[in-house]
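Engineer: Mind looking over this structure? Questions follow.
The values are calculated or read from the model by the stated rules, or taken from the named source; none is laboratory data. Computed from a predicted structure; not experimentally measured. Cβ atoms come from the backbone with ideal geometry, glycine included; neighbour counts cover every protein chain shown. What goes into the accessible areas is simple: the full protein's heavy atoms, side chains included, and nothing from ligands, DNA or RNA. Shrake-Rupley method; radii C 1.70, N 1.55, O 1.52, S 1.80 Å.
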Amino acid sequence: MRIGILTSGGDCPGINATIRGVCKTAIHHYGMEVLGIHGGFKGLLELDYEVMDDRSLTGLLTMGGTILGTSREKPYGKKHQVPGVDKPALLKANILKLGLDAVVCIGGNGTQKTAYRMAADGIPVVGIPKTIDNDVAGTEVCFGFQTAVSIATEAIDRLHSTASAHKRVMVIEVMGHKAGWIALYSGMAGGGDVILIPERAYSLEQVTRSIEQRMQRGKNYAIVVVAEGVHTPIGRRAGEYVAAELARLTGVETRETILGYTQRGGTPCPYDRILATRMGAHAVELIAQGEFGKMVAMRGDNVTSVSLAEVAGVTRLVPVDHELILQGKQMGVCFG
Ligand code: F6P
């Protein structure tokens, strides 16, 4: 068999470990040939690829980013169409031209939606979920998330001492797109006093009261963890808006930190390396068994798969009554 592998959408730690898991299993165990497609779906449209061999796989387990490159090209997306080019037809024709028996699509929600469209078009495809946001439906966890949570937690840990030294309110904005997973987990792991996530409406008056009560209890600073996707007035960045409003409402000196792309860069943590490796290997097993139109998924500690039809177009948000929220509330954390 000859298979293609591509990485699409925003990068995250663990993609290269997955590429390694896919390629090593395919080449060494199943005797498959693997073509690495460059720049996501763009590479399939432009026939930009390389043949993967042992040399291309050296050092991948710990390497951040993606050696194949990525793009946000969506061949089926309305906004991505170019007059005179039938991208879905070109994609299919190029897959035939390359002689691919299957395509492995590593990516987040957008990628899995494209993978679903390809499957519906008769292309043998297998998806692997990747995102720091942890918001892909059908799987309980995506690789990249644990690493991002570790980085955000370390940042929150470091903010404690400077917040305390200056008696400040420290607002930290973390990523997550429309989901609050990174904010919830890093906020709880880092002992945040306030955690704001997009899934729950918040009142800054309520947050102010909780900070005032904290100060009355003798604590001279507060840590406020804000997900980038929380609702704000148009044009205002979450961290900047919440910090400005809290400075006004509490009268306490306030600073904001926007953590940004450090959450996505660099080496994956050991948990993500293992997860990426397992998911990569499982994708090849699905291909070997002819099980297409599926996405690799985790249920508990079991690696399994789910139909792309169940995943496409669905965002996995934090349930408003998530156990960690209830526990945090009982311990005095303000969720807005
Ligand atoms: O999906 C991962 C993510 O890092 C989100 O957390 C963030 O909102 C988005 O990508 C940023 O995208 P871009 O790379 O296009 O700036």
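Engineer: Right, LYS74: crowded, with 18+ Cβ neighbours inside 10 Å and under 27 Å from the mean Cα position of the chain (by Cα) or not?
Structural biologist: yes
Engineer: Separate question: Keeping to the stretch 209-247, report how many residues are part of a loop (DSSP other than H, G, I, E, B), buried (at least 19 other Cβ atoms within 10 Å of the Cβ) and of a type in the set (Val, Ile, Thr).
Structural biologist: Count: 1.
Engineer: Which one is farthest from GLU140 (Cα to Cα), of the residues in the stretch 198-208 that are assigned to a loop (DSSP other than H, G, I, E, B) and more than 14 Å from the ligand (Cβ to nearest atom)?
Structural biologist: Checking each candidate, the answer is SER203.
Engineer: So the check is Cβ under 7 Å with 6+ separation or different chains; which pairs have a first residue in the stretch 208-221 that's of a type in the set (Phe, Trp, Tyr) and a second one that's assigned to a helix (DSSP H, G or I) and open to solvent by less than 50 Å² (accessible area, probe 1.4 Å)?
Structural biologist: Close Cβ pairs satisfying both conditions: TYR221/ALA163; TYR221/SER164.
Engineer: Go through the stretch 241-262 residue by residue and tally those that are away from the ligand (no atom under 14 Å from the Cβ) and in contact (Cβ under 8 Å) with a residue 24 or more places away in the chain.
Structural biologist: 13
Engineer: Further question on the same structure: Does the stretch 67-82 hold any residues that are farther than 22 Å from THR18 by Cα and away from the ligand (no atom under 15 Å from the Cβ), and which are they?
Structural biologist: PRO75, TYR76, LYS78, GLN81, VAL82
Engineer: Take LYS97 and tell me if it is out of contact with any helix residue (DSSP H, G or I) (no Cβ under 9 Å at 6 or more places or on another chain), within 30 Å of GLU46 (Cβ to Cβ) and open to solvent by 10 Å² or more (accessible area, probe 1.4 Å).
Structural biologist: Judged against the criteria, LYS97 is a match.
Engineer: Hey, another quick one. Quick check on GLY144: is it touching a Pro at 6+ places or on another chain (Cβ under 6 Å) and within 15 Å of the ligand (Cβ to nearest atom)?
Structural biologist: Yes: the conditions hold for GLY144.
Engineer: Please go through the stretch 263-289 and give me each residue that is of a type outside the set (A, V, I, L, M, F, W, C), touching a residue at least 40 places away in the same chain (Cβ under 8 Å) and open to solvent by 10 Å² or more (accessible area, probe 1.4 Å), ordered by number.
Structural biologist: ARG264, GLY265, GLY266, THR267, TYR271, ARG273, THR277, ARG278, GLU285
Engineer: Can you pull out every residue in the stretch 159-197 that is within 11 Å of the ligand (Cβ to nearest atom) and open to solvent by 30 Å² or more (accessible area, probe 1.4 Å)?
Structural biologist: Residues satisfying the conditions are HIS177, LYS178.
Engineer: To continue, here is another question. Hey, THR7 hits all of (1) under 25 Å from PRO270 (Cβ atoms); (2) within 16 Å of the ligand (Cβ to nearest atom); (3) surrounded by fewer than 20 Cβ atoms within 10 Å (Cβ to Cβ) but one; which does it fall short on?
Structural biologist: It is condition (3) that THR7 fails.
Engineer: Something else now. I need a count of the residues in the stretch 115-145 that are more than 15 Å from ARG273 (Cβ to Cβ) and outside any loop (DSSP other than H, G, I, E, B).
Structural biologist: Selection size over the stretch 115-145: 11.
Engineer: Among the numbered criteria (1) within 16 Å of the ligand (Cβ to nearest atom); (2) over 21 Å from PHE292 (Cβ atoms); (3) of a type outside the set (Val, Ile, Thr), which single criterion is violated by ARG55?
Structural biologist: (1)
Engineer: Which numbered condition trips up GLU256, out of (1) in a helix (DSSP H, G or I); (2) surrounded by 18 or more Cβ atoms within 10 Å (Cβ to Cβ); (3) over 22 Å from the mean Cα position of the chain (by Cα)?
Structural biologist: (1)
Engineer: For ASP272, only one of the following conditions fails: (1) outside any loop (DSSP other than H, G, I, E, B); (2) assigned by TED's automatic domain parsing to the domain that holds LYS167; (3) within 16 Å of the ligand (Cβ to nearest atom). What is its number?
Structural biologist: (2)
Engineer: Then there's this: Those residues that are surrounded by fewer than 24 Cβ atoms within 10 Å (Cβ to Cβ) and acidic (Asp, Glu), I need them from the stretch 105-138; list them, please.
Structural biologist: ASP121
Engineer: Has the stretch 82-91 got at least one residue that is part of a loop (DSSP other than H, G, I, E, B), in contact with a Lys or Arg (Cβ under 9 Å, 6 or more places away or on another chain), over 27 Å from GLY266 (Cβ atoms) and open to solvent by 30 Å² or more (accessible area, probe 1.4 Å)?
Structural biologist: No - not one qualifying residue is present in the stretch 82-91.
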